[in-house]
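I have placed the structure first, in the form of structure tokens, so that the comments after it can refer back to it.
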Amino acid sequence: MKQFALFLGCTIPARLTHYESASRAVLEALGVSAVDIKAFNCCGYPLRNINFEAFIVLSARNLALAERKGLDIMALCQCCFGTLKKAHHLLKEDGSLRKEMNAILAREGLHYEGRIEVRHLLQVLFHEVGIKAIKKHIARRFEGLKVAAHYGCHVLRPSPIVQFDDPVSPSLFDELVEVTGAVSVPWQRRLECCGAPLRGVNDELSTALTRKKLEDAQGAGAAYLCVACPYCQIQFDTVQGGKSAKGGENHQLPSLLYPQLLGLCMGINHKALGLEANQVPIQGQGIEGFLPQGSQGRKKRGTSAPEQRAEGHRKGARRAGTQG
């Protein structure tokens, strides 16, 4: 069984627990072990442009914790992925910076040499599990379902550092979408920002970016968006309803997290996938046959076993006082 240190970051445990539970359920079914390191802290992303040293220390500590376990890191959040990759690159390339950070890490008995790699969930699924292996776990394929794959910013740029895919013409996410039988539609704005980084800074511009993406995806014939980043999902899902209502326009386009899309085809229980936690209802449009009768839409629900396990991990981390 392949093992990775699962890095959740801050946003997923706080605002998008169903991304975690869906990912755990899919990874377990595919034979990938997601190892929890309770001492992980914030990746450092919020401080990248405010305090460089603080950002590097936070990232370096996470990298050192994973290296001590001999595990590569698997991040679900694209911001965490990009931040950890940036720190990993800087520490490997700059010996004096690595020496400085190791002097700080030594206070906790930690040390980092750069012997591990940082991967995003999609990379693990595509490269480590593989399309052929995933196909073997597909119980039922979608037919004619059109999906707009939103790549996000931090997995593609800066490309020499993240090394995720071709930053101009990526295909990795499209192939993962199409393994489910869905059609990954071509759309002009697929590589543009979702608008999330501007939320709370310039809400008008943030909303405009989101609206343009939604209109473009719908114009390409997509029935759903598909994302693999908590910030993008929150922007398209949680914020979308309020945006449409405020503007008096109906641009709602349901957004699925990739583990939810894949999990449905693998026959994983919809509660484990957290479909009812999505703000924009997941219903109709070629997907209704994959949902239990009466489960469409957002409603009060019980807690699934994967979610219970995820909450147990978080409670343990809070008791330790070290989870970011």
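Some values worked out for this structure:
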read-out: Formal net charge of residues neighbouring Ile73 (Cβ-Cβ distance under 11 Å; K, R +1; D, E -1); value: 0
read-out: The range 50-167: C-alpha gyration tensor shape, a/c 1.5 cut-off, then a/b vs b/c; value: prolate
read-out: Proximal charge balance of Gly82 [Cβ under 10 Å; K/R count +1, D/E count -1]; value: +4
read-out: Reachable aspartates and glutamates from Lys135, criterion Cα separation under 13 angstrom, eight or more residues apart if same chain; value: Glu175, Glu178
read-out: Net charge of neighbours whose Cβ lies under 13 Å from the Cβ of Pro186, counting Lys and Arg as +1 and Asp and Glu as -1; value: 0
read-out: The chain: angle of helix 305-320 to the longest principal axis, Cα-based, in degrees nearest 10; value: 30
read-out: The chain: angle of helix 52-69 to the longest principal axis, Cα-based, in degrees nearest 10; value: 90
read-out: Residue-averaged [θ]222 nm for the chain, counting only DSSP H segments that reach four residues, each worth -39500 (n - 2.57); value: -12500 deg cm²/dmol
read-out: Out-of-range pairs (alpha-carbon distance over 30 Å; input Lys86/Lys136; Lys132/Lys271; Lys69/Lys213); value: Lys86/Lys136; Lys69/Lys213
read-out: Principal-axis tilt of helix 95-105 within the chain, Cα atoms, nearest 10 degrees; value: 90
read-out: Principal axes of the chain: Cα extent on each, largest first, Å; value: 56, 41, 36
read-out: Burial order of peptide ranges 215-224, 112-121, 81-90 (average beta-carbon count within 10 Å, highest first); value: 81-90, 112-121, 215-224
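Read-outs: derived from the displayed coordinates by stated rules, not from any lab. Predicted, not measured: the structure shown is a model, and the values here were computed from it. Reconstructed Cβ throughout: ideal geometry from the backbone, glycine too, with neighbour counts over all protein chains shown.
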